[in-house]
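The next block holds one structure in the form of structure tokens; read it before the comments.
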Amino acid sequence: MIKVTKDLLKHLEELSKVGVSEEERAKLAESIQEILDYMKLLDEVDVSDVDIMYTPIEGSASLRKDEVRKFPSEKIVKNFPEEEKNQAKVPPILG
């Protein structure tokens, strides 16, 4: 059973890039522990006679034909907050 510790919470905060206060951290630890305890109940369910299910949809999903479609660039560019020389302007990714 996973136990929610301060180290685990700190690690999760770093992974999610979310900072929380000490008060929020205590509530978060309690909530996560409740979720994990509830999930532990699933270990008690006997699924030995249940067939493996790869998807809840029976049969295969119908796929549309893959085809190239042309769109006027003016219409696409209008959906972006900024444009420059009829091209969508986006924030830089690196530095």
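The values are calculated or read from the model by the stated rules, or taken from the named source; none is laboratory data. Predicted model, so just to flag it, every value in this text is computed and none were measured. Note that each Cβ is placed from the backbone with ideal geometry, even for glycine, and that neighbours are counted across all protein chains shown.
A single member of Ser60, Ser73, Ser48 is hydroxyl-bearing (Ser, Thr, Tyr) and surrounded by 10 or more Cβ atoms within 10 Å (Cβ to Cβ), and it is Ser73.
On inspection, Leu41 passes the criterion of being closer than 30 Å to Val20 by Cα and at pLDDT below 90.
Considering segment 47-95, and only residues there that are of a type in the set (Asp, Glu) and part of a strand (DSSP E or B), the residue that is nearest to the chain's Cα centre (by Cα) turns out to be Glu83. When Ser31 is tested against (1) within 23 Å of the chain's Cα centre (by Cα); (2) exposed (fewer than 10 other Cβ atoms within 10 Å of the Cβ); (3) of a type in the set (S, T, N, Q), only condition (2) is not met.
Summed over segment 19-28, the residues that are loosely packed, with under 10 Cβ neighbours inside 10 Å and either within 13 Å of Met1 (Cβ to Cβ) or among the charged types (D, E, K, R) (or both) give a count of 2.
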